[in-house]
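Written out below as structure tokens is the structure these notes cover.
Where a number appears in this text, it was derived from the coordinates with a stated rule and is not lab data. Note that the structure is predicted; figures quoted are calculated from it, not measured. Every residue, glycine as well, gets a Cβ built from its backbone with ideal geometry; the counts of neighbours run over all protein chains shown.
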Amino acid sequence: MPLVAVVVLVVAGFAVFRLHGIFASEDVTSTPSGADSDIVPFNPKHVVLEVYGPPGTVATITYLDVNAQPQRADDAALPWAYDATTTQPAVFVNVSAQGDGDSIGCRIKIDDVVKDERSVNTLNAFTFCLDKSG
């Protein structure tokens, strides 16, 4: 009985050794030291959020920055703009504004291409712009 157990262990050990060789589990791929700090940003995006209205208009503006963090600007004189550059593969930006005048508009530009633009003409005008494709 002990002889059968030893033979089974030897055969199993040999099978495992051969499978390691077949699937190349012995090959170790290493990364050169310092390679993690060599990442170079690619395809930077220039993002501009704009809110505009008649001269002297004041607005409350809420927006998502390039990191999708909510921000707020109270009593902002128009025209108002948020300008940022990012290397993220996609940008989700949103801006909404309510002014004290009867006209207000917003615009989202990514790499100088207008992605969304709206304007409203009404008392205490409110508008919003959204881009998920940036």
**Asked** How high is the FRET efficiency between A90 and N124 when r is their beta carbon distance and R₀ equals 25 Å, given to the nearest 0.05?
**Response** 0.15
**Fill in**
Footprinting proxy, E117, E50: sorted fewest to most Cβ within 10 Å, the residues are E117, E50
